[in-house]
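The values are calculated or read from the model by the stated rules, or taken from the named source; none is laboratory data. Computed from a predicted model, the values in this text were never measured in an experiment. Cβ atoms come from the backbone with ideal geometry, glycine included; neighbour counts cover every protein chain shown. Quick note on the areas: whole protein, heavy atoms, side chains included, nothing else; ligands and nucleic acids left out. Shrake-Rupley method; radii C 1.70, N 1.55, O 1.52, S 1.80 Å.
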Amino acid sequence: MSAVRGALAGQVAIVTGAGRGIGHAVALALAREAATVVLAARTRQELAMAAATIRESGGTALAIPTDVTQDGAVEAMVEQAIAEFGRVDILVTAAGVASFGPVVGTKPSDWDAQLAVNLRAVMVSCRAVLPVMIRQHRGTIINIASVAAQRAIPGAAVYTATKAGVVGFSRVLAEELRAERVRVGVLVPGAVDTPLWDSIGSPPDRSRMLRPEDVARAAVLMAALPPGASLEELTLLPAGGIL
Ligand SMILES: NC(=O)c1ccc[n+]([C@@H]2O[C@H](COP(=O)([O-])OP(=O)(O)OC[C@H]3O[C@@H](n4cnc5c(N)ncnc54)[C@H](OP(=O)(O)O)[C@@H]3O)[C@@H](O)[C@H]2O)c1
């Protein structure tokens with residue numbers, strides 16, 4: 001029998017937001033590199049389809065329906081992953097939501113969903129994998145931020161605040177974990193053509209955006225670096241396209 005080939009063979013990855021868009025592409029790309037992949041999001045059907053796609057290609061996948069805004073659900077999902085596979089080497093936090101509009105036209109209660117999913121849930125997800133990664137002296141956390149954290153885009157103040165929060169949180173977490181050999185990086189994409197744009201009125205030209213697979217390649221690059229190197233902030237923009 002031939003050994004499993006792939007840069008991530010023997011590693012277990014958790015991907016939040018794995019049902020569609022960037023998280024879906026990341027999950028498939030990690031599986032293609034022979035990682036075992038745990039897929040988390042709310043929509044069971046999408047998770048089941050993603051897991052089936054991975055298994056049909058010879059990979060190992062486990063779908064765990066999870067609402068990442070529920071702390072207990074995130075902790076239970078990580079515990080289930082450990083019970084099933086014994087370790088967690090990679091976490092990619094791609095669960096996210098976006099809604100745009102000028103601050104003056106919104107109410108504070110309109111901000112809560114974005115803060116809960118894009119910022120708080122990322123923090124909770126990271127915290128949930130820390131004990132196992134520290135025990136292993138090995139782990140790679142990749143948080144998906146956005147170019148909105150770096151550029152001022154009118155109408156995106158709340159979204160930007162969540163993404164800038166993710167960048168700041170990731171930077172500090174990287175320092176806290178450096179001695180533990182747990183890597184924390186933030187992947188900062190420009191606009192990506194995903195279902196996220198379906199509910200946004202008059203979106204920019206989607207044909208000039210990045211593809212989810214482009215972001216997935218960058219995530220694989222971060223995850224597959226040798227253990228002694230850590231790619232901690234990677235900005236990926238559409239060449240010749242729109243931000
Ligand atoms: N698309 C872009 O242009 C772009 C650019 C830069 C950064 N990003 C960021 O990349 C990440 C992924 O975006 P995307 O474009 O791939 O979005 P998407 O196509 O809308 O997919 C979002 C994923 O997140 C999951 N999700 C949302 N709320 C959740 C919750 N409460 N619990 C668990 N999962 C949840 C969704 O599944 P369920 O709804 O089934 O739960 C879905 O699988 C987001 O953080 C986004 O801000 C996107």
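Which condition number does Gln114 fail, the rest of (1) within 14 Å of the ligand (Cβ to nearest atom); (2) more than 29 Å from Ile242 (Cβ to Cβ) being met?
Only one criterion is unmet by Gln114, namely (2).
Here are some conditions: (1) surrounded by fewer than 22 Cβ atoms within 10 Å (Cβ to Cβ); (2) within 20 Å of the chain's Cα centre (by Cα); (3) within 11 Å of the ligand (Cβ to nearest atom). Val192 meets all but one. Which one does it not meet?
For Val192, the failing item is (1).
Using beta carbons and a limit of 8 Å, which pairs, at least six apart or on different chains, have the first residue in segment 204-218 and assigned to a helix (DSSP H, G or I) and open to solvent by 80 Å² or more (accessible area, probe 1.4 Å) and the second one more than 9 Å from the ligand (Cβ to nearest atom) and modelled with pLDDT of 95 or more?
Arg208/Pro238; Glu213/Ala29; Arg217/Ala29
Looking at segment 1-44, which of its residues are free of Cβ contacts under 8 Å to residues at least 24 places away in the same chain and either in contact with a helix residue (DSSP H, G or I) (Cβ under 7 Å, 6 or more places away or on another chain) or within 12 Å of the ligand (Cβ to nearest atom) (or both)?
Once the filter is applied, which keeps residues that are free of Cβ contacts under 8 Å to residues at least 24 places away in the same chain and either in contact with a helix residue (DSSP H, G or I) (Cβ under 7 Å, 6 or more places away or on another chain) or within 12 Å of the ligand (Cβ to nearest atom) (or both), segment 1-44 yields only Arg44.
Would you be able to say whether some residue in segment 136-156 is open to solvent by 30 Å² or more (accessible area, probe 1.4 Å) and closer than 21 Å to Ala73 by Cβ?
Scanning segment 136-156, I find no residue that is open to solvent by 30 Å² or more (accessible area, probe 1.4 Å) and closer than 21 Å to Ala73 by Cβ, so the answer is no.
Against the condition within 14 Å of the ligand (Cβ to nearest atom) and in a helix (DSSP H, G or I), how does Ala98 come out, does it pass?
Spelling it out, it is not the case that Ala98 is within 14 Å of the ligand (Cβ to nearest atom) and in a helix (DSSP H, G or I).
Contact list please: Cβ distance under 6 Å, first residue in segment 124-152 and in contact (Cβ under 8 Å) with a residue 60 or more places away in the chain and within 18 Å of Val26 (Cα to Cα), second residue among the basic types (Lys, Arg) and assigned to a strand (DSSP E or B), pairs at least six apart or on different chains.
Thr140/Arg183
Quick one: which of Met133, Met222 is over 15 Å from the mean Cα position of the chain (by Cα) and either surrounded by 14 or more Cβ atoms within 10 Å (Cβ to Cβ) or more than 12 Å from the ligand (Cβ to nearest atom) (or both)?
None of the other options fit; the residue is Met133.
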